[in-house]
Amino acid sequence: MSLKDKYVICGLGVSKQGKMPGVNLNALRAEVAQLAIDDAGLTAKDIDGYIYQGSMAEMRGGFFVGGNVPQRLGLEPKFIWRLETGGVTAISSILAATGAIEAGLVHYVLCLYAATDLSEGLVLAAPPGGRNTPGSFGMFSPGADHAFAARRHMYEYGTTQEQLGAIAVTQRQYAQMRPDAFMYNRPLTMEDYLKSKWVAEPFHILDMCLISDGGIAFIVTTPERARNLRPKPVYIMGIGLGHQLTESYRKEQYTTLDVGPSKEAAFQMAGLTIEDLDVAQLYDCFTITVLLETEGYGFCKKGEGGAFYAEGHSKLGGKIPINTSGGNLSWGYNQGFTPVAEAVRQLRREGGATQVKDAEIALCSGHGTTSLGSMNYAHGTLVLRR
Amino acid sequence: MAQEYKKPLPVIDADYKPYWDAAKRHELVQYRCQICGDFSPIHYPITGCPKHGRSKMEWTKVSGKGNVYTFVVFRMLFDPAFKDEIPYNVAIIELAEGSLLMSNIVQCKNEDIKVGMPVEVVFEDVSEEVSLPKFKPAP
């Protein structure tokens, strides 16, 4: 049984993105939740399910993550779930929401992410692989883990630093057309990129997503319950999740992302191919991630992801506009909620100066892990339509 | 020596004790399937055989020879214990037997490291319990 077109996103809340010194994380969560509720034209009492992803800075503090958002807003949810599948969480939360609605338990599920990681000075240094063995060799951060992939991709396919830079520069160009982007009014040239600080070669700081304060919330319900609401509902056409754990037995894991099973499931459910997509929001924790997803989804041939971006195929009017808000690299880092929010905006034709004309079908992806190590990640695929 | 060493040390648990015991003897071992003879492809985290799971895996001495599969050069400091090392490299080594291993390239300038470069193991005795397998350019 497929869930195609049986559920919709009926409300979207997006906070300011950037640095908000002194902001209270739970107040920020309550703000984006209220924005989503108001956008849908619902009241707090209508929300009967609540799913959220904790912030990275907050999770350093241990088990008690999530705070008092329902009490602040007067929600009366039947469940409060903290869901963690890294950058796949937004897509996982939609799947969990549809399951709870399908079971007849709830009608409107609020899915939310917010963080004050920038104000809290987060530096993401968790050693990949857990325990301390990588740390004993000086190996720290998911960024360096992905930089391994970038180096190997350069070796096997001749991908260049400038081609990685083209991803960062293109997304920054999108952000220059979006006044709500953290990096709005902060243009970036290739020269700026190449001169920017090294973190772990071949990664510059500009190969890495922002660390920012901000949040996103959306509400999942049925088309019937969305019918009388103000915004145009965005239909969930297909969802896929996958790990491709057998990849960990193959060296290709350093040059290939675990897109396959997730993409196949979602595209089959939606009954479409990439030719049908009008816009894509690919999860962008790092430039190389975007490149590997672009190859994995088949927007270009394997090994040609660098040229794809250098030739401008992801720009407005290109083969497929990708990460049209500036994404996690330049708009604001909200884990996998950034791609979903932008896809909803595009399909509601709320993309402003980066609106893709007549966008009917959008792809979103998520890439993440709860156990770092050897580029062995989870992937999520979401296909939405207006 | 043990008192001066400030960097993180590997956690030596039951899974990994044979590996670190061998390293202390300056022997490099890898996890190998006794059914098909294949080495566990990724040393870290510990895995089984793609075909036969973990039922018949055994630590087996390997040549210590291989090549650089990929590497990064850290120029940003994440842990103060590495302050004097910046910039330093971390590499994935492809062993001649086929498995991948995380380590550092030593006795070689960072700018001279190349993917595909032949390397061989050398051991650094860093504490009473731990010798770290590192790799130097091979002739």
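Can you compute the modelled spin-label distance between residue A:224 and residue B:36, with each label point 7 Å from Cα toward Cβ, in nm?
Those two pseudo-labels are separated by 5.1 nm.
Quick one: net charge of residue A:263's neighbours, Cβ under 12 Å, K/R +1, D/E -1?
Spelling it out: positives minus negatives among the neighbours equals -4.
If you take every residue apart from residue A:13 with its C-beta less than 11 Å away from the C-beta of residue A:13, what net charge results, scoring Lys and Arg +1 and Asp and Glu -1?
Local charge sum for residue A:13: -2.
Given 0.36 nm per residue, what is the gain on full extension from residue A:264 to residue A:349 after removing their alpha carbon distance, in nm?
That works out to 27.9 nm of additional length.
Could you work out the relative contact order of segment A:155-226? I mean the mean sequence separation of Cα pairs under 8 Å and 6+ apart, divided by the number of residues, in percent.
25 percent.
Using a Förster distance of 51 angstrom, determine the FRET efficiency expected from the C-beta separation of residue A:71 and residue A:190, and round it to 0.05.
Once the sixth-power term is evaluated, E becomes 0.55.
First compute the accessible area of the protein assembly as shown with a 1.4 Å probe, then give the percent of it belonging to carbon and sulfur atoms.
Carbon-and-sulfur percentage of accessible area, whole number: 51.
Scan segment A:40-90 for chymotrypsin sites (Phe, Trp or Tyr not before Pro) in coil per DSSP, keeping those whose Cβ has at most 15 other Cβ atoms within 10 Å, and list them by number.
Sparse-neighbourhood loop chymotrypsin sites (Phe, Trp or Tyr not before Pro): A:63, A:64.
Can you work out the FRET efficiency for the pair residue B:58 and residue B:127, with r the C-beta to C-beta distance and R0 = 45 Å, to the nearest 0.05?
E between residue B:58 and residue B:127, to the nearest 0.05, is 0.95.
Using alpha-carbon pairs under 8 Å, 6+ residues apart, how would you state the relative contact order of chain B in percent?
25
If a paramagnetic tag sat 7 Å from the Cα of residue A:232 along the Cα-Cβ line, which residues of segment A:255-279 would have the backbone N under 15 Å from that point?
Label zone hits: A:278-279.
If I model a spin label as a point 7 Å beyond the Cα along the Cα-Cβ vector, how far apart are those points for residue A:84 and residue A:19 in nm?
That separation, rounded to one decimal, is 2.8 nm.
Using alpha-carbon positions, what is the distance between the centroids of segment A:164-215 and segment A:318-354, in Å?
Centre-to-centre (Cα) distance: 15 Å.
Rounded to a whole number of µm²/s, how large is the Stokes-Einstein D of segment B:86-139 at 4 °C and 1.567 mPa s, given Rh as the Kirkwood radius over C-alpha pairs?
D = 109 µm²/s.
Per residue of segment B:114-125, in order, report the coupling 6.51 cos²θ - 1.76 cosθ + 1.60 (Karplus, θ = phi - 60°) as ³J(HN,Hα) in whole Hz, putting x for Gly and Pro.
The phi angles translate into 10, 4, x, 5, x, 9, 9, 6, 9, 10, 10, 7 Hz.
Could you work out the relative contact order of chain A, using alpha carbon pairs under 8 angstrom and six or more residues apart, expressed as a whole percent?
Reported relative contact order: 26 percent.
When Lys and Arg each count +1 and Asp and Glu each count -1, what net charge do the other residues less than 14 Å away from residue A:35, Cβ to Cβ, add up to?
0
The values are calculated or read from the model by the stated rules, or taken from the named source; none is laboratory data. Only a predicted model underlies this, so the values are computations on that prediction, with no experimental measurement involved. We place every Cβ from the backbone using ideal geometry, glycine too, and count neighbours over all the protein chains shown. Only protein heavy atoms, including side chains, enter the accessible area calculation; ligands, DNA and RNA are left aside. Shrake-Rupley method; radii C 1.70, N 1.55, O 1.52, S 1.80 Å.
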